[in-house]
Amino acid sequence: MALDDIPLTTIDGASSTLADYAPVKLIVNVASRCGLAPQYEKLEELQKRYEARGFTVLGFPSNQFLQELGDTDKIKEYCSMTWGVTFPMFDKVKVNGRSAHPLYQELTKTPDADGKAGRVKWNFEKFVVTPDGAVHRFRPSTEPDDPAIVALIESSLPE
């Protein structure tokens, strides 16, 4: 199944697919109680900087590492009140294992810069999907404004 065809559910319960969003996407598994949560701020900065050119961040809350709030309303409130998040957020998903969301079953086939595919290591693992459908993987410790991510976004967007 193509990435754009995988059924998704927004944090508000609406049905969606990746095809509903900008051609350049940064998909990230997020968790409110994670020490990497300050990355929300840089994710939002990327959203504001590039959204008019055809880019969006897509946040997928996950409690797979036991660091996400239990209630979607609390997740929405935390993201908007603490970090000013305006980018699309989705229903909680599993990112690893047999019950991983189909989107993450596909994304995790992509190797990172060291050639390692497979399990998501931690919260805030990033996948940039370019208009040609290529997936580029960045591990959690790579900040959203890392030069490699910014260069990939900029080279994938129209002028």
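Computed from the coordinates by the stated procedures, all read-outs in this text should not be read as laboratory data. Not measured: the values here are computed from a predicted model. FYI the Cβ positions are ideal-geometry reconstructions off the backbone, even for glycines, and counts take in every protein chain you see.
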Quick calc, the chain, dipole around Cα centre from Cβ unit charges on Lys, Arg (+) and Asp, Glu (-), nearest 20 debye, gives 560
Charge dipole of the range 22-156 built from unit charges on the beta carbon (Lys, Arg +1; Asp, Glu -1), centred at mean Cα; most positive-end Cα among THR110, PRO88, ASN29 is THR110
Residue-ordered couplings for the range 19-34, obtained by feeding phi - 60° into the Karplus form 6.51 cos²θ - 1.76 cosθ + 1.60 and rounding to whole Hz (Gly and Pro as x), are 4, 6, 10, 3, x, 10, 10, 10, 9, 9, 8, 10, 8, 5, 9, 7
Expressed in angstrom and rounded, the centroid-to-centroid distance over alpha carbons for the range 1-58 and the range 132-146 is 12
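For THR130 and THR86, what is the calculated FRET efficiency with R₀ set at 22 Å and r taken between the beta-carbons, to the nearest 0.05?
After rounding to 0.05, the efficiency reads 0.50.
Given the peptides 29-37, 54-62, 138-146, 106-114, arrange them by the average over their residues of other C-beta atoms within 10 Å, most packed first. All intermediate terms of the calculation are to be shown ahead of the outcome.
Values: 29-37: 19.9, 54-62: 23.0, 138-146: 16.7, 106-114: 14.7.
Sorting 29-37, 54-62, 138-146, 106-114 by mean packing, highest first, produces 54-62, 29-37, 138-146, 106-114.
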Links exceeding 27 Å between C-alpha atoms in this model, out of LYS76/LYS109; LYS74/LYS109; LYS25/LYS94; LYS74/LYS116; LYS48/LYS109; LYS76/LYS116, come to LYS76/LYS109; LYS74/LYS109; LYS74/LYS116; LYS48/LYS109; LYS76/LYS116
Scoring only Lys, Arg, Asp and Glu (+1, +1, -1, -1) among other residues with Cβ under 9 Å from the Cβ of LEU18 yields -2
Quick calc: nm separation of the 7 Å Cα→Cβ label points for ASP146 and ALA117 -> 1.9
As straight-line cross-link partners of LYS126, the qualifying aspartates and glutamates (C-alpha separation under 13 Å, not fewer than 8 residues apart within one chain) are ASP112, GLU143, ASP145, ASP146
P(r) over all Cα-Cα pairs of the chain, 5 Å bins from 0 to the longest distance, whole percent per bin, short to long, reads 2, 9, 20, 24, 23, 15, 5, 1, 0
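To the nearest 20 Debye, how big is the dipole of the range 72-141 about its Cα centre, given +1 on the beta carbon of each Lys and Arg and -1 on that of each Asp and Glu?
Values: 12 positive and 8 negative charges, 62 e Å.
For the range 72-141, the charge dipole is close to 300 debye.
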